[in-house]
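Data block below; observations after.
The values are calculated or read from the model by the stated rules, or taken from the named source; none is laboratory data. Keep in mind that what you see is a predicted model, and the values were worked out from it rather than measured. Cβ: placed from backbone, ideal geometry, glycine included. Neighbour counts: every protein chain shown. Note: accessible area is taken over every heavy atom of the protein model, side chains too, but ligands, DNA and RNA are not part of it. Shrake-Rupley method; radii C 1.70, N 1.55, O 1.52, S 1.80 Å.
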Amino acid sequence: MSPRKQGGSAAEEPEGQRLQKVLAQAGLASRRASEIMIDQGRVEVNGHVVSEQGRRVDPERDVIRVDGSRIPPPRRHRYIVLNKPRGYVSTLHDPEGRPTLADAVVESGASKALLKERLFHVGRLDTDTEGLIILTNDGDFGHKLSHPSFEIDKTYLVEVEGIVNSVTLKRLKDGITLDDGPVRPRGLKLVSTVGGKSMVRLTLHEGRNHIVRRTMEHVGHPVRRLSRIGIGPVRLGTLKVGEVRDLTSEELGALLDLVDVD
């Protein structure tokens, strides 16, 4: 038997990786700069500020934060943002032959190898609605992010018929009641009015079918065009219709916090 096995735990390598190495591998800073952040008390592990150098962690299990922001574990999965075009169905396969999310990914120029992975789409968008959809092969993450119990905010940019006035805005802010229950936006802003139409930014945590279209029609302003521009902390930003990108580490860390995935 080897000396290591005979010697027991005292002769074994300590478990985990050094914290400064994990921070450096996450692309936050060099190892030396990571050590300085630890000395400054800016790094937490599992809710406790780390004060000593050489702390060993398990990046797959431990919750690590720098300046309060969660650092996601090394990526074993794919997390992709797609700006879905209008006319595409929110599925990866369609027996009727309509254009799908898979078609949009291929047309974006992304590698076809990406589609060989078993991807899930987080949430759905109507065929006539464009905007942000997250695709992932992390089933647990996708399920939790879609589950209504987590009440993840979704933000939409809505073009409607007619001029939305202050009375209508107040009515929406106070909350309305549809056939399947109440709706009260978490965020609402009139962006512009021109040519007999209005642009409204609306944030809801509701996930009911056609909720935005039904809400605006209820107050007398049918939707002309609809785009989802945000899910929780994730924003489309400058991502053009039909394009894809990976979630940033900051976005993934914030989403992990929202759904409490370790």
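Computed log10 I(q)/I(0) for the range 137-244 at 0.15 Å⁻¹: -0.67, from the Debye equation with unit scatterers placed on every C-alpha and solvent omitted.
With every protein chain kept in place and ligands, DNA and RNA left out, what is the accessible area per residue of the chain? Probe 1.4 Å, answer in Å².
That works out to 55 Å² for each residue.
For the pair Lys170 and Asn209, a Förster radius of 30 Å applied to the C-beta separation gives a FRET efficiency near 0.70, rounded to the nearest 0.05. With the simple model of a label 7 Å out from the Cα in the direction of the Cβ, Gln17 to Ala33 spans 1.8 nm.
So what is the 222 nm mean residue ellipticity for the chain from helices alone, if each DSSP H run of at least 4 adds -39500 (n - 2.57) and you divide by all residues, rounding to the nearest 500 deg cm²/dmol?
Value at 222 nm, helices only: -6500 deg cm²/dmol.
From the cross-link list Lys173/Lys197; Lys144/Lys173; Lys173/Lys240; Lys170/Lys240; Lys21/Lys144, which pairs have alpha carbons spaced over 22 Å apart? Result: Lys144/Lys173; Lys173/Lys240; Lys170/Lys240; Lys21/Lys144 exceed 22 Å. Quote the Stokes-Einstein diffusion coefficient, in whole µm² s⁻¹, for the chain, based on the Kirkwood radius over alpha carbon pairs, a temperature of 37 °C and a viscosity of 0.692 mPa s. D, rounded to a whole number, is 155 µm²/s.
In straight-distance terms, cross-link reach from Lys189 covers every one of the aspartates and glutamates whose alpha-carbon lies under 18 Å from its own, apart from those fewer than eight places away in the same chain; here that gives Asp153, Glu159, Glu161, Asp174, Glu206, Glu217. Approximating the spin labels as points 7 Å out from Cα along Cα→Cβ, the Ser249-to-His218 distance works out to 4.3 nm. Here the extension length gained between Arg124 and Arg76 equals 14.9 nm, from 0.36 nm per residue of separation less the Cα-Cα distance.
Expressed as an acute angle from 0 to 90° and rounded to the nearest 10, what is the orientation of the C-alpha long axis of helix 249-259 relative to the principal long axis of the chain? The angle comes out near 80 degrees.
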